[in-house]
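See structure below.
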Amino acid sequence: MRERQDVILGGGLSGMTAAWTLQQAGEDHWQIYEKEERVGGLARSVAVDGYLFDHGPHILFTIDAEMEALIRDLLGDNFHAQERQAFIYHHAHDLYTRFPFQAHLYGLPVPLVRECLVELVRAVQRFERGEFQPRNYEEWMRGVFGDGISDRLMIPYARKIWTIEPSEMEFSWIGRRVPTPDYERIIAGALTDDVAQVGATSSFWYPRTGAIEPLPRALGARLKNVHLQRRALRIELPAKQVVFSDGAVVPFDHLLFSLPLPSIPRLFTGVPPEVERACAALKYQGIYCINIGVDRPDVSDKHWVYFYEEPFPFHRLSFPATFSPDTVPPGKSSIATEVAFSQWRPLDRDTAVERTLDALKLAKILHPDDRIDLIHTEEIQPAYVIYDLDHAKNVGLIRTWLREHGIWNIGRFGEWQYFNMDHSMRSGKTAAEEILRSRPGSAPLGYNPP
């Protein structure tokens, strides 16, 4: 073994895909270190009394052909595609409409639909006059969808999930995450429910068995140099070495860093004051997952439901058995709810479960006589990156400093971006390919050793 290796910190999907890319290129001078007892990062599942819950609900979808091919290869016969059944609950009207709201107004009260369509026309008129110059996420929503759609759902939901005002967020992250159907499609969706679904998740994939964890487990099984239960204590610069909690010191040529960027001042030596300030300024929220086992089959035929109104502490819930019947015991159901929290909206752990159960009864998802088999909670922090107005500036400054020291930041929290699983995998692959290209006389990408 040569003295200096390429070190990958974090055995999540980004770190493992980076390792797989290096390994496929015939490289063996790399090591991956994971603090937990198994790989996967957030893409993990937990078994509780016969129920399976993901560490925060997960689904797979992508437009990245390479990542799709890798996912299909990893899952093999366990790969299962299905059509989305996602809805929005409107407590004020005691009804559900399909997701996304703006494309499925049909069924809502006529005055509300009329308001949404009239304000949409006004937004189009403002756009045609050249008045669409949004400075933040709220202005983007109002400019694209009009005040009706924005005020009725999109802004209340944004406050619920992000825990801050959308006027304090930028909107470069939106991409395919906020479906923007054309205006003809919005009008058609207001007149009839017989319209095609829109959005990136209209079709998605999920393993037939084992919940989401078979994906990272399959990738980890292919890798050679994986070290579990190894926690990085300190990263020393300019010496370029990682000190682990067991006292081991590992020098590195390149470091692929998938840990959260706010941890840099705590982990690294020699951090400039401006980088420390940028790290301290990064914003995020957490998710408190309240998972419930119910002694009743077929609680719902939906995959997931969004909630935007005040009586509901959660912004979304999922029904794991509709993703895969393997996630619940025979004759049972489960509900996975997500409660967003942050320093701007602290979590009341003492009342969160009780409020969630009351809200599920209010929405008529739980019946008064339902027997609850179990309640299992998980706290994920950070969970989602918040794109405040200084996000790009701060992340760019941190990334530049890291790269000066031969460090690639990868994955959702390493790049500090709103990444899905396929994005995280692509992030790791891209970083590994850049490192391979930087080596004199490196093997061509895609080389498979005999």
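Scanning region 369-414 for residues that are out of contact with any Gly (no Cβ under 7 Å at 6 or more places or on another chain), in contact (Cβ under 8 Å) with a residue 12 or more places away in the chain and part of a loop (DSSP other than H, G, I, E, B) gives D370, R371, Y387, L389, D390, H405, G406. Of all residues in region 113-122, exactly one satisfies the criterion of being in contact (Cβ under 8 Å) with a residue 40 or more places away in the chain and more than 22 Å from W140 (Cβ to Cβ), namely V113. Comparison of Q31, Q23, Q82 shows that the only residue that is at pLDDT 95 or above, surrounded by fewer than 16 Cβ atoms within 10 Å (Cβ to Cβ) and not aliphatic (A, V, I, L, M) is Q82.
Once region 386-412 is narrowed to residues that are under 16 Å from P265 (Cα atoms) and within 19 Å of the chain's Cα centre (by Cα), the residue that is surrounded by the fewest Cβ atoms within 10 Å (Cβ to Cβ) is V395.
Of all the criteria given as (1) at pLDDT 95 or above; (2) not assigned by TED's automatic domain parsing to the domain that holds P273, the one not satisfied by N448 is (1).
Region 17-86 holds strands (runs of 3 or more DSSP E) entirely within its bounds, and those carrying 1 or more residues that are closer than 26 Å to L259 by Cα and either touching a residue at least 12 places away in the same chain (Cβ under 8 Å) or among the aromatic types (F, W, Y) (or both) map to 30-34, 45-48, 51-54. The residues on offer are A218, A211, and the sole one that is assigned to a helix (DSSP H, G or I) and either touching a Phe, Trp or Tyr at 6+ places or on another chain (Cβ under 8 Å) or touching a residue at least 40 places away in the same chain (Cβ under 8 Å) (or both) is A218.
Right, A280: free of Cβ contacts under 8 Å to residues at least 60 places away in the same chain, closer than 23 Å to P382 by Cβ, of a type in the set (G, A, S) and part of a helix (DSSP H, G or I) or not? Even if it seems obvious, please write down each step before you answer.
Working: free of Cβ contacts under 8 Å to residues at least 60 places away in the same chain: yes; closer than 23 Å to P382 by Cβ: yes; of a type in the set (G, A, S): yes; part of a helix (DSSP H, G or I): yes.
Spelling it out, A280 is indeed free of Cβ contacts under 8 Å to residues at least 60 places away in the same chain, closer than 23 Å to P382 by Cβ, of a type in the set (G, A, S) and part of a helix (DSSP H, G or I).
Is it fair to say T337 is part of a strand (DSSP E or B) and closer than 26 Å to H90 by Cβ? Judged against the criteria, T337 is a match.
So if I check each of E378, E338, which one is within 26 Å of the chain's Cα centre (by Cα) and surrounded by fewer than 19 Cβ atoms within 10 Å (Cβ to Cβ)? Walk me through it before giving the result.
Values: E338 fails: surrounded by fewer than 19 Cβ atoms within 10 Å (Cβ to Cβ).
When all the criteria are applied, what remains is E378.
All of R231, R316, R266 fail the test of being without any contact (Cβ under 8 Å) to a residue 60 or more places away in the chain, on the phi < 0 side of the Ramachandran plot and of a type in the set (K, R), apart from R266.
Any residue at all in region 87-107 that's among the aromatic types (F, W, Y), without any contact (Cβ under 8 Å) to a residue 40 or more places away in the chain and either in a helix (DSSP H, G or I) or not assigned by TED's automatic domain parsing to the domain that holds E184 (or both)? The answer is no; no qualifying residue exists. Please work out if P109 is over 30 Å from W344 (Cβ atoms) and more than 24 Å from the chain's Cα centre (by Cα). Here the answer is yes, as P109 does meet what is asked. Scanning region 221-259 for residues that are part of a loop (DSSP other than H, G, I, E, B) and polar (S, T, N, Q) yields N225, Q229, S245, S258.
Within region 303-328, being surrounded by 18 or more Cβ atoms within 10 Å (Cβ to Cβ) and assigned to a loop (DSSP other than H, G, I, E, B) holds for H303, Y308, F312, P313, F314, H315, F319, S324, V328. Sub-6 Å Cβ pairs linking a first residue in region 336-351 that is over 10 Å from P313 (Cα atoms) to a second residue that is among the polar types (S, T, N, Q) and outside any strand (DSSP E or B), at least 6 apart or interchain, are S342/T163; W344/T163; R345/T163, ordered by first then second residue.
Number of residues in region 123-135 that are touching a residue at least 24 places away in the same chain (Cβ under 8 Å) and out of contact with any helix residue (DSSP H, G or I) (no Cβ under 6 Å at 6 or more places or on another chain): the value is 1.
For region 126-194, which helices (runs of 4 or more DSSP H) that fit wholly inside it have 3 or more residues that are in contact with a Lys or Arg (Cβ under 8 Å, 6 or more places away or on another chain)?
137-149
The values are calculated or read from the model by the stated rules, or taken from the named source; none is laboratory data. Values in this document were obtained by computation on a predicted structure and should not be read as measured data. Note that we place each Cβ from the backbone using ideal geometry, even for glycine, and neighbour counts take in every protein chain shown.
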